[in-house]
Every structure is written in structure tokens, then in C-alpha cells.
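Taking it in order: structure first as C-alpha cells, then the write-up.
The values are calculated or read from the model by the stated rules, or taken from the named source; none is laboratory data. As the structure is a prediction and not an experimental result, all values here were calculated from the model. For neighbour counting, all protein chains shown are included, and Cβ atoms are generated from backbone atoms with ideal geometry for every residue, glycine included. When the accessible area is computed, the model is the full protein with side chains, heavy atoms only, and any ligands, DNA or RNA have been set aside. Shrake-Rupley method; radii C 1.70, N 1.55, O 1.52, S 1.80 Å.
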Amino acid sequence: MDKILGLGNALVDVLVTLEDDNVLKEMGLTKGAMTLIDEDKLLKINDFFSKKETHLATGGSAGNAINALASLGAATGLIGKIGNDRYGDFFREKFQKRGTETFLLTSDTLPSGVASTFISADGERTFATHLGAAAALKAEELTLDMFRGYAYLFVEGYLVQDHDVILHAIELAKEAGLQVCLDMASFNIVAGDQDFFLLLVNKYVDIVFANEEEAKAFTGKEGKEALDVIAGMCSIAVVKMGARGSLVRKGTETIVVDACKVDRVVDTTGAGDYFAAGFLYGLTSGYALERCARIASLVSGEVIQVIGAELPEEKWDVIKGKLELNN
């Protein structure tokens, strides 16, 4: 099986479930989006969280995808930067336990990045992210050796706060013979840096993952039309449509796959990351695109039924059992 390397913001998710969305307005957060925050806002959020029951999990878009891939049995690696603190230790230990090869640089001056995650009653998640050490990863800290032996590089769109890091990583990946996968991450991130996303997809990226809002922010079009535009720039384009399934296009082949039905959506944190993980697991296993998308739907359908972007082992056993039945 081909090996997959993730590159992204190394974050720890601190999650809280909301009774209503009033606090989002109070904090100046856009529901369903990721907002970068400063230390003052983080302190305000921490004060709110201190009065609530919270849940801790490894996070970051690339981290979530690599976590899911490792749990499926794929060979994985992860590049990021953490602080020399308890959150950083928590992050590193979690991935090493899963057998992921970690290239985690450490900052002695900045704390580990934290994504304060607000889960609305409808399962939608809103992120207030203090990047901390995650944003201190520099292009010159990346080396060709980190990329050797891998077949795919998975890059999260949230990383576009530093163009140099993404460009240098992609250049090293291409030099090492990797295919580049980009998850567009969040509609507001795409809208705020559209020209750079266009450069990446047109020039470097082989596989693009986007949900409907991100695809529209990128192309100005919706659904199938957005898929066609993106597919004209890369090898494989995927547009996720939530409960209405997903669209996949490679060349002239277009595939429509239904979403897996779930009893109740608890938290959509990590849904897109797990979809990408399932899809890439299928690709590395040599499956046809339709089966890749079905695995993606299965995996993402499971993670939206739990709080946070981590599934218990018994859930992974169920998923693996279903995959074996369909072999």
C-alpha cells in the first residue's frame, strides 16, 4: 500500500456542545467557519469553556485525515509544529501510538496551537483557532528526506497563512515523486486567498477536495458546474455535498455517490477530513473511484455521529468489517 504524508497545522481540539448559538455572536464568530483568533480572544473563550464540559482530541485538518488513514491501516506520516507543553505532548503521543511517522518540530517560545470548537445543536461546528506554534513552521525547516518514501502529500487549505511553506513543501513533494492532494478547508479561507488557491490547483495539485461552499468560493459556481471547473485544472476533483452525497470527476468520468444515512448528526467536526481519508485509502488500495467515494462516505458518516474527530476502536472495527464484506 502506498504511504501518505500529511502537512498542516498541528492543533489540539477543545470541544464544547452549545445549547444555542448566542455565544458565537458574542465572540464574533461565523457559524460553520474557521476564524483565526488572537491571545485576548483565546482567553475570553477559555473563560467561557471553563464553565462548560469540554472534550480534548487531536485536531487540524491534516491531522484528522492522517489519524483516520492510520486507523484504517494505511502507512502514514505527519509534518507540523507543536509547543513544548502538555498539548504538544498529547498531540505527539496520540499519533505515535497509531504508528504514524511524526516530523513534529518544536517551538520553545510558543504554545501548541488550539482549535476551540463550538458544536451547535444541529451538529455544525465553528472553530476559533489560535495557531501558536503551528504557525511558526517555516519553509526552511522542511527537508527532502521528510517526503521520501511517500506516494501522496495531503495538504490542508488552512495552511495558506504561509504561502512559502506550502510552495516549498509541494516543490519537495514533486521532487520526491509524490502526488499532491489539497483539501480547501473552509469557504472563508478560500474566498480570502482565491488567487493563491488558483495558482496551487492550476500548477501543482493532482487531487482537490472541496465542499459546496468552498467550491463556490473558488469557482463562483455551484455543484456540477463547480466540479467541472475544478476538474479542468487537476487530475481528480471531489465536491462534497453533505447529506446529498458527493461528486467525483476524473477526465470525462463523473461519479455521483450517495451519503451514508445516519440516525443523528452529533458533530460535523472532521467530516471532510475523514471523507478525504476514506477516499485516499481507497486510492492507495487500488480501488475504482466509485468505491473510493463510497468508503469516504462510510468513514465520514461514522465520525459525524460522535463528538470530535476521533472514533473509538470498536467503530473502526465495524468500518473494517464492512470494507472486508465488500471486497
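Scan the stretch 57-75 and tell me whether some residue there is under 13 Å from Ser116 (Cα atoms), open to solvent by 20 Å² or more (accessible area, probe 1.4 Å), under 24 Å from the mean Cα position of the chain (by Cα) and modelled with pLDDT of 90 or more. Break it down stepwise before answering.
Here is the first cut: in the stretch 57-75, the ones under 13 Å from Ser116 (Cα atoms) are 57-60.
Still in the running and open to solvent by 20 Å² or more (accessible area, probe 1.4 Å): none.
Scanning the stretch 57-75, I find no residue that is under 13 Å from Ser116 (Cα atoms), open to solvent by 20 Å² or more (accessible area, probe 1.4 Å), under 24 Å from the mean Cα position of the chain (by Cα) and modelled with pLDDT of 90 or more, so the answer is no.
Hey, could you check the stretch 87-124 for residues that are in a loop (DSSP other than H, G, I, E, B) and touching a residue at least 60 places away in the same chain (Cβ under 8 Å) and say which is nearest to the chain's Cα centre (by Cα)?
The initial filter retains those residues of the stretch 87-124 that are in a loop (DSSP other than H, G, I, E, B), namely 98-100, 108-112, 120-124.
Now narrow it down to the ones that are touching a residue at least 60 places away in the same chain (Cβ under 8 Å): 112, 120-124.
On the way: Ser112: 18, Ser120: 20, Ala121: 22, Asp122: 21, Gly123: 17, Glu124: 15 Å.
Checking each candidate, the answer is Glu124.
Only one of Thr109, Thr102 is open to solvent by 10 Å² or more (accessible area, probe 1.4 Å), farther than 19 Å from Ile189 by Cα, out of contact with any strand residue (DSSP E or B) (no Cβ under 8 Å at 6 or more places or on another chain) and of a type in the set (Ser, Thr, Tyr); which? Before the answer, list the steps.
On the way: Thr102 fails: out of contact with any strand residue (DSSP E or B) (no Cβ under 8 Å at 6 or more places or on another chain).
Being open to solvent by 10 Å² or more (accessible area, probe 1.4 Å), farther than 19 Å from Ile189 by Cα, out of contact with any strand residue (DSSP E or B) (no Cβ under 8 Å at 6 or more places or on another chain) and of a type in the set (Ser, Thr, Tyr) holds for just one of Thr109, Thr102, which is Thr109.
Do we find that Val165 is of a type in the set (Val, Ile, Thr), at pLDDT 95 or above and farther than 21 Å from Leu280 by Cα in this structure? Write out each step before concluding.
Values: of a type in the set (Val, Ile, Thr): yes; at pLDDT 95 or above: yes; farther than 21 Å from Leu280 by Cα: yes.
So Val165 fits the description; yes.
Can you tell me how many residues within the stretch 28-41 are closer than 13 Å to Thr117 by Cβ and open to solvent by 10 Å² or more (accessible area, probe 1.4 Å)? Before the answer, list the steps.
Our first condition is that a residue be closer than 13 Å to Thr117 by Cβ; within the stretch 28-41, this holds for 29, 31-35, 37.
So of that shortlist, the ones also open to solvent by 10 Å² or more (accessible area, probe 1.4 Å) come out as 29, 31-32, 34-35, 37.
Result for the stretch 28-41: 6.
Which condition from (1) of a type in the set (Phe, Trp, Tyr); (2) free of Cβ contacts under 8 Å to residues at least 24 places away in the same chain; (3) buried (at least 23 other Cβ atoms within 10 Å of the Cβ) is the one that Phe279 breaks?
Phe279 satisfies every listed condition except (2).
For the stretch 40-55, does any single residue satisfy the condition of being within 22 Å of Ser300 (Cα to Cα) and touching a Ser or Thr at 6+ places or on another chain (Cβ under 8 Å)? Explain how you work it out, then say what you get.
Here is the first cut: in the stretch 40-55, the ones within 22 Å of Ser300 (Cα to Cα) are 55.
Those still in the list that are touching a Ser or Thr at 6+ places or on another chain (Cβ under 8 Å) too: none.
Taking every residue of the stretch 40-55 in turn, none turns out to be within 22 Å of Ser300 (Cα to Cα) and touching a Ser or Thr at 6+ places or on another chain (Cβ under 8 Å).
Report, by residue number, each residue of the stretch 163-192 that is in a loop (DSSP other than H, G, I, E, B) and surrounded by fewer than 17 Cβ atoms within 10 Å (Cβ to Cβ). Let's see the steps before the verdict.
We begin by selecting, within the stretch 163-192, every residue in a loop (DSSP other than H, G, I, E, B); these are 176-178, 184-186.
Once the filter is applied, which keeps residues that are in a loop (DSSP other than H, G, I, E, B) and surrounded by fewer than 17 Cβ atoms within 10 Å (Cβ to Cβ), the stretch 163-192 yields only Gly177.
Looking at the stretch 1-82, what strands (runs of 3 or more DSSP E) fall wholly within it and have at least 1 residues that are closer than 22 Å to Ile307 by Cα and acidic (Asp, Glu)? Let's see the steps before the verdict.
Values: elements: 4-7, 11-17, 34-36, 55-59.
Ranges flagged: 11-17.
Would you check if Ala134 is in contact with a helix residue (DSSP H, G or I) (Cβ under 8 Å, 6 or more places away or on another chain) and either small (Gly, Ala, Ser) or at pLDDT 95 or above (or both)? Can you show your working first?
Numbers: in contact with a helix residue (DSSP H, G or I) (Cβ under 8 Å, 6 or more places away or on another chain): no; either small (Gly, Ala, Ser) or at pLDDT 95 or above (or both): yes.
No.
If Ser297 passes every condition in (1) assigned to a helix (DSSP H, G or I); (2) hydroxyl-bearing (Ser, Thr, Tyr); (3) free of Cβ contacts under 8 Å to residues at least 12 places away in the same chain but one, which one does it miss?
Going through (1) assigned to a helix (DSSP H, G or I); (2) hydroxyl-bearing (Ser, Thr, Tyr); (3) free of Cβ contacts under 8 Å to residues at least 12 places away in the same chain one by one, Ser297 breaks only (3).
One line per residue, one yes/no per condition, for (1) of a type outside the set (Gly, Ala, Ser); (2) in contact with a strand residue (DSSP E or B) (Cβ under 7 Å, 6 or more places away or on another chain):
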site: Leu15; (1), (2): yes, yes
site: Leu18; (1), (2): yes, yes
site: Asp21; (1), (2): yes, no
site: Met27; (1), (2): yes, yes
site: Thr35; (1), (2): yes, yes
site: Lys51; (1), (2): yes, no
site: Gly59; (1), (2): no, yes
